[in-house]
Amino acid sequence: MTSPVTLSPRTAEVVRSTLPVVEDSIDDITTIFYGTLLDEHPGLLGSMFSPERIADGTQQRALAAAITSCAAMLVVDEEADPRDVLAPVARRHRAVGVEPAQYEVVHQHLFAAIVAVLGDAVTPEVAAAWDEVYRTMASTLVELEAA
């Protein structure tokens with residue numbers, strides 16, 4: 001049996017208190033994220049990301065939903081399993097050939113976008129908590145992609 005996907009208690013508390021702000025700002029965060037990611041790594045457009053899905057915002061909304069749904073599951077509904085939300089993402093990642101090392105590139109651009117949108121609200125404690133959420137999501141995705 002697979003072990004449950006969980007966060008540390010302090011991280012869960014910080015994420016629970018900041019989740020509404022992140023949810024309110026997630027569209028801006030994902031728009032900036034994809035803009036900077038694709039500016040610096042233009043080869044990803046077409047190979048990993050559909051230009052149509054980027055242009056119409058579908059890709060940004062999918063990432064936003066995955067992040068906020070997974071975070072909510074981790075801190076609100078302890079009975080829920082984030083793998084349920086992440087399984088379709090993992091299937092898509094497998095289909096386009098996402099490699100585990102690419103999660104670091106995503107991390108860099110995602111956290112830069114979070115800071116760009118939320119500014120001083122991203123204290124070291126908030127950054128560490130959301131980093132744990134991201135790393136939990138990424139490790140779960142890598143696990144699912146390998147299965």
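The values are calculated or read from the model by the stated rules, or taken from the named source; none is laboratory data. What you see is a predicted model; the values in this text were computed from it and never measured. Quick reminder, even Gly has a Cβ in these numbers, built from the backbone with ideal geometry, and neighbours come from all protein chains shown. Accessible surface areas use protein heavy atoms only, side chains included; no ligands, DNA or RNA. Shrake-Rupley method; radii C 1.70, N 1.55, O 1.52, S 1.80 Å.
With the checklist (1) of a type in the set (A, V, I, L, M, F, W, C); (2) in contact (Cβ under 8 Å) with a residue 60 or more places away in the chain; (3) out of contact with any Cys (no Cβ under 6 Å at 6 or more places or on another chain) in hand, flag the one item Met137 doesn't pass.
Answer for Met137: the failing condition is (3).
Right, Asp77: assigned to a loop (DSSP other than H, G, I, E, B), of a type in the set (D, E, K, R), open to solvent by 30 Å² or more (accessible area, probe 1.4 Å) and free of Cβ contacts under 8 Å to residues at least 24 places away in the same chain or not?
Spelling it out, Asp77 is indeed assigned to a loop (DSSP other than H, G, I, E, B), of a type in the set (D, E, K, R), open to solvent by 30 Å² or more (accessible area, probe 1.4 Å) and free of Cβ contacts under 8 Å to residues at least 24 places away in the same chain.
Of Thr2, Thr68, which residue is modelled with pLDDT under 90 and either on the phi > 0 side of the Ramachandran plot or outside any helix (DSSP H, G or I) (or both)?
Working: Thr68 fails: either on the phi > 0 side of the Ramachandran plot or outside any helix (DSSP H, G or I) (or both).
The match here is Thr2.
Looking only at residues that are in contact (Cβ under 8 Å) with a residue 24 or more places away in the chain and not in a helix (DSSP H, G or I) in region 97-129, which one is surrounded by the most Cβ atoms within 10 Å (Cβ to Cβ)?
This residue is Val98.
Given the conditions (1) farther than 20 Å from Ala138 by Cα; (2) modelled with pLDDT of 90 or more, and given that Gly43 satisfies all but one, which numbered condition is not satisfied?
All conditions are met except number (2).
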